[in-house]
Amino acid sequence: MNSYLSMPSEEILSFARIVWKYHLLNHELKKADCIFVLGSHDTRVAERGAELFLAGWAPLLIFSGGLGRLTDGVWEETEADKFSKIALQMGVPENAILVENKSTNTGENILFTQRLLQQQELNPDSFIVVQKPYMERRSFATFKKLWPEKDIVVTSPQISFEDYPTVDMPLEKVIHIMVGDLQRIKLYAERNFQIAQHIPGDVWNAYEQLVKAGYTEQLVK
């Protein structure tokens, strides 16, 4: 399944919807000290962060991300730099933005941002974390492992499973990535990279069925 040209069967789509729904946390937004946007291949994440800032949810907007597994070798500029430009174009003032552009994974997003905030002599207590829809749960689990004392809600672009795919990110590729992120929720908790998350039986069954169907490109080997 490398061409991304065939439409998944309805059975595959039903399993994929179960995994998508599990990744979403459905946190209720509340005002915070800063909006923390984690880098990715999806520029709609940057737009969501900027929209939240412009709506007054927090006075500080942080973009974190160098080049990761889906952008390294694809983008010429870092995720955080690309995202910050989008925010500026949307009307966020430059003095409200902090950029961390060296991290290559979610753990580094958090650790390198901790370091940046210390350098800026800032100590926010509460965060709105912004990521892709299918990265909400893993972002939460990683953040609570590495920064447990902070108050956090997680959000993402308000897009349905059906509307999420794009020309650059077709549906089959989205399913490959979602499956990989679900594996990481289990595996990374076992490796002590993030706090454990309960995975219901129907969700794990959906994962296993998708793996059996060949959605394995983003699995940790």
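The values are calculated or read from the model by the stated rules, or taken from the named source; none is laboratory data. Bear in mind that the values here come from a model prediction, so they are computed numbers and not experimental data. Note that we place each Cβ from the backbone using ideal geometry, even for glycine, and neighbour counts take in every protein chain shown. For accessibility, only protein heavy atoms count, side chains too; no ligands or nucleic acids. Shrake-Rupley method; radii C 1.70, N 1.55, O 1.52, S 1.80 Å.
Listed values, structure above:
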read-out	value
Charge dipole of the chain about the Cα centre (unit charges at C-beta), most positive-ward option of P93, Q197, L171	Q197
For the range 81-91, Karplus couplings with θ = phi - 60° (6.51, -1.76, 1.60), whole Hz, Gly/Pro x	5, 5, 5, 5, 5, 4, 4, 4, 5, 7, x
Carbon plus sulfur fraction of accessible area for the chain, probe 1.4 Å, in percent	49 percent
Positive-end residue, the range 105-184 charge dipole about Cα centroid, Cβ charges, pick of Q119, V130, Q158	Q119
Where a label projected 7 Å from the Cα of N123 along Cα→Cβ would reach, residues of the range 143-159 with amide N under 14 Å	149-150
Computed E for E11/S160 - FRET, C-beta separation, R0 22 angstrom, nearest 0.05	0.70
Of K173/K221; K82/K144; K31/K173; K21/K85; K132/K186; K102/K144, pairs whose Cα-Cα distance is over 29 Å	K31/K173; K21/K85
Shape category assigned to the range 32-151 from the gyration tensor of Cα positions, a/c cut at 1.5	rounded
GNM result for the chain, Cα springs below 10 Å: residue of L122, L24, L182 fluctuating most strongly	L122
For the chain, size of Cβ-based charge dipole, Lys and Arg +1, Asp and Glu -1, in debye	520 debye
Within straight-line cross-link reach of K150, aspartates and glutamates at Cα separation under 15 Å, skipping those fewer than 8 residues along the same chain	D33, D125
Most fluctuating residue given options A55, A206, A32, as computed from a GNM of the chain linking Cα atoms under 10 Å	A55
Computed lengthening from I195 to K212, 0.36 nm per intervening residue step minus Cα-Cα distance	3.4 nm
Over the range 60-181, relative contact order from alpha-carbon pairs under 8 Å, at least 6 apart, %	21 percent
Residue-by-residue Karplus 3J(HN,Hα) for the range 41-55, coefficients 6.51, -1.76, 1.60, Hz, glycine and proline x	7, 9, 5, 5, 5, 4, 4, 4, x, 5, 4, 5, 4, 5, 7
Answer label for Cα extents along the principal axes in Å (calculated), chosen among (1) 72, 32, 30; (2) 74, 38, 28; (3) 49, 34, 31	(3)
Residues E94 and V220, FRET efficiency given R0 of 45 Å [Cβ-Cβ distance, rounded to 0.05]	0.75
Max mean-square fluctuation residue, GNM over the chain, Cα-Cα springs under 10 Å, options I175, I12, I62	I12
Accessible area of V74 in the full protein assembly, 1.4 Å probe (Å², nearest 10)	100 Å²
Relative contact order (%) - criterion: Cα under 8 Å, at least six apart; region: the chain	25 percent
